[in-house]
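The values are calculated or read from the model by the stated rules, or taken from the named source; none is laboratory data. Predicted model only: the values in this text are computed from it and were never measured. As a convention, Cβ positions derive from the backbone with ideal geometry for all residues, glycine included, and neighbour counts pool all protein chains shown.
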Amino acid sequence: MDYKIMPVVIYGTIFPVLIGLLLRLPKLIIEIKQNKQWTFDWVKFIGIGLPSFYIIAMSFLPFAISIKLPEINMLESPTFQIIAGVVFGYILLDSLKK
């Protein structure tokens, strides 16, 4: 029997990001109701969002492409990737300010 690992890797990568987005969504809805100018906090996104995205990408890319990359082994201990995914999803919506 042939086991395909890509669906498991995609799910393990996207699900924590969605949880982070859902954690920030109620406050974003409250901010949408205010009549202010939209801005994007680049400092927060570059300082926190990009490093967490790098951790997520290094857990996904070794399975997606055949080039040897420094990988963070998601299958042995996914705790670090889960935390990075939740942080990235939260920071993605938190960087949007109104």
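Go through region 22-52 and count every residue that is in contact with a helix residue (DSSP H, G or I) (Cβ under 7 Å, 6 or more places away or on another chain) and closer than 23 Å to residue 63 by Cβ.
Number of matching residues: 2.
Results for (1) assigned to a helix (DSSP H, G or I); (2) modelled with pLDDT of 95 or more; (3) on the phi < 0 side of the Ramachandran plot; (4) among the basic types (Lys, Arg), shown as yes or no for each residue.
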residue	(1), (2), (3), (4)
3	no, no, yes, no
18	yes, yes, yes, no
23	yes, yes, yes, no
27	yes, no, yes, yes
31	yes, no, yes, no
37	no, no, yes, no
54	yes, no, yes, no
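Counting only residues that are under 28 Å from residue 10 (Cβ atoms) and without any contact (Cβ under 8 Å) to a residue 24 or more places away in the chain, how many does region 35-50 have?
Result for region 35-50: 3.
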